[in-house]
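Below: the structure, in structure tokens.
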Amino acid sequence: MTPANLYWYFPSKQKLLEAALVLLYSSSYQILADADDASRPAAERLLAYVRAFVGLQLADRGEEINFGYLALQSSLEAEEREEIRGWERTHRALIKDILSHGVRTGEFEIPDVSITASMLVTGVEHVFLWYRPDGRLTIPQVADEYARLALRMVEAPAAR
């Protein structure tokens, strides 16, 4: 496709970037939402969420892609970041719902759901910093270990 064709659909590079980032956020949210089943116990929901999130961060993505994504997002104007912020809130709402479910049912002991959600999301988002495909762990092994650590973080009895 030529640049002229792109500008037919997108009035600027910024709008093209915004559309690409929104697509990335919406598709990753769909994967996480598909992994969640609100009828399951909170611990199972958390395990599924963390495993899916680790998979998103590591499958077909490298360190360069993740760093590039963050740099690109920060290069947007404040107005253009608004839809992306909405997706960030949507992503965060899903993990908060899982954690709140666990608190309500007594499965989790969490003093602050928002802080715990931030810690979990931040930890998983940066798994690409150390993971290497030729390292000692496979992606499913990393996902399982992160899921186990997440259960410990929320003081779930199943993790003890």
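No lab work stands behind these numbers, since they all come straight from the coordinates. All figures in this text were calculated on a predicted structure; none of them were measured in a lab. Please note: Cβ atoms are built from the backbone with ideal geometry, for glycine as well, and neighbour counts cover all protein chains shown.
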What list of ³J(HN,Hα) values in whole Hz, one per residue of region 80-91 in order, does the Karplus curve 6.51 cos²θ - 1.76 cosθ + 1.60 (θ = phi - 60°) give from phi, with Gly and Pro shown as x? 6, 7, 4, 5, 5, 4, x, 5, 4, 5, 5, 4
Sparse-neighbour loop sites [trypsin sites (Lys or Arg not before Pro); region 119-157; at most 15 other C-beta within 10 Å; DSSP]: ARG136
Taking Cα pairs closer than 8 Å and at least 6 residues apart, the relative contact order of the chain in percent is 34 percent
Between ALA59 and TRP87, what is the spin-label point distance in nm, taking each point 7 Å from the Cα along the Cα→C-beta axis? 1.7 nm
FRET E, pair ALA78, ASP37, Förster distance 25 Å, beta-carbon r, rounded to 0.05: 0.10
If we restrict to alpha carbons, what Rg and Dmax does region 7-49 come to, in Å? 16.2, 49
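Would you mind ranking LEU120, LEU76 so that the residue whose beta carbon has the fewest other beta carbons within 10 Å leads the list?
Numbers: LEU120 23, LEU76 17.
Ascending Cβ contact count within 10 Å gives the list LEU76, LEU120.
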Quick one: compute a quarter of the convex hull surface over the Cα atoms of region 94-136 and quote it in nm². 4.0 nm²
Under the 0.36 nm per residue contour assumption, what length would be gained going from the current alpha-carbon distance of SER100 and GLU155 to full extension? 18.5 nm
Starting from the Cα of TYR9, step 7 Å along the direction of its Cβ; do the same at SER118; then give the gap between the two resulting points in nm. 3.7 nm
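Over all alpha-carbon pairs in the chain, figure out the percentage whose distance exceeds 22 Å. Kindly include the intermediate steps, with their values, before the conclusion.
On the way: 6067 of 12720 pairs.
Considering the chain, 48 percent of its Cα-Cα pairs are separated by more than 22 Å.
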